[in-house]
Every structure is written in C-alpha cells, then in structure tokens.
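Written out below as structure tokens is the structure these notes cover.
The values are calculated or read from the model by the stated rules, or taken from the named source; none is laboratory data. Here the structure is a predicted model, which is why all the values come from computation and not from measurement. Ideal geometry is used to build each Cβ from the backbone, glycine not excepted, and the neighbour counts take in all protein chains shown.
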Amino acid sequence: MALGALQNDVLRMVLKKGLALIATGTVAGLAAGLALTRLMSSQIWGVSPTDPRTFFAVAALILPVGLAACLFPARKPRKWTRWSLCTTSNSLPFLADVVDG
C-alpha cells in the first residue's frame with residue numbers, strides 16, 4: 001500500500017483480502033466438518049451430523065463476524081492524512097495512541 005493511496009482503495013483492499021481468507025477458512029471448515037461426521041455423531045444429540053441447516057447457519061454466522069473483524073481495523077487508517085503521518089512524534093498515529101494512553 002502506497003502512502004498516497006486513496007482511503008477507499010485501502011478499505012477495499014483490506015476487505016477483499018479479508019473476504020478471501022474468510023471464504024477459504026469457511027470452505028475448509030465445512031469440508032472438515034463433513035469429513036468428521038462419524039466422529040461427531042456420537043457427540044451431538046437432536047441434530048443429524050450432516051444437517052444442512054446447521055452447516056449453512058454456521059457459515060452464515062462466520063461471514064458477518066469475519067467481515068466486521070476486517071472492517072474495524074481497516075477504518076482507522078482512513079482517518080490519517082499524509083501530513084499526520086509525517087508530523088506524529090512516533091511516526092505512526094496508532095503508536096501515539098498506545099504510548100499516550
């Protein structure tokens with residue numbers, strides 16, 4: 001990411017990379033869950049191990065939580081300007097927040 005990048009471009013880049021990680025993890029988790037259904041069948045009651053509603057609900061829950069986890073840190077650099085990066089005593093505004101308390 002360049003110092004002169006537009007704020008929306010930074011947000012878009014972070015969300016795009018985060019969504020790719022979320023999708024990869026969700027697909028891998030669903031595949032592992034389906035592969036381990038025999039082991040899980042003795043551990044759960046009232047739901048079949050391959051219940052599609054349960055798998056869909058878990059995937060639907062992971063998506064917004066993962067996007068929120070990407071969005072909140074991605075929004076903070078949008079407030080910075082090139083000038084604030086050059087004039088902050090610690091070079092980066094987030095370090096000034098930590099040091100100043």
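Identify the single condition in (1) surrounded by 12 or more Cβ atoms within 10 Å (Cβ to Cβ); (2) among the small types (Gly, Ala, Ser); (3) within 18 Å of VAL65 (Cα to Cα) that ALA28 does not satisfy, given that it satisfies every other one.
(1)
Taking interchain pairs and intrachain pairs at least six residues apart, which have beta carbon atoms under 7 angstrom, with the first residue in segment 43-67 and of a type in the set (Lys, Arg) and the second surrounded by 13 or more Cβ atoms within 10 Å (Cβ to Cβ) and not in a helix (DSSP H, G or I)?
Going by the 7 Å Cβ cut-off, there are no qualifying pairs.
Among the residues of segment 1-15, how many are surrounded by 11 or more Cβ atoms within 10 Å (Cβ to Cβ) and either at positive phi or not in a loop (DSSP other than H, G, I, E, B) (or both)?
8
Considering (1) among the hydroxyl-bearing types (Ser, Thr, Tyr); (2) assigned to a helix (DSSP H, G or I); (3) at pLDDT below 85, say which one THR26 fails and leave the rest.
Failing condition for THR26: (3).
Name the single residue, out of those in segment 16-25 being of a type in the set (Gly, Ala, Ser) and surrounded by 13 or more Cβ atoms within 10 Å (Cβ to Cβ), that is nearest to PRO73 (Cα to Cα).
Ranking the candidates gives GLY18 first.
Among what's in segment 29-60 and is assigned to a helix (DSSP H, G or I) and touching a Ser or Thr at 6+ places or on another chain (Cβ under 6 Å), pick the residue that is modelled with the highest pLDDT.
Applying the filter and picking the extreme gives ALA59.
So which residues in segment 61-86 are of a type outside the set (A, V, I, L, M, F, W, C) and either modelled with pLDDT of 90 or more or part of a helix (DSSP H, G or I) (or both), if there are any at all?
PRO64, GLY66, PRO73, ARG75, LYS76, PRO77, ARG78, LYS79, ARG82, SER84
I'd like to verify a number: residues in segment 4-33 that are closer than 25 Å to THR54 by Cβ and touching a Pro at 6+ places or on another chain (Cβ under 9 Å), how many?
Matching residues across segment 4-33 total 1.
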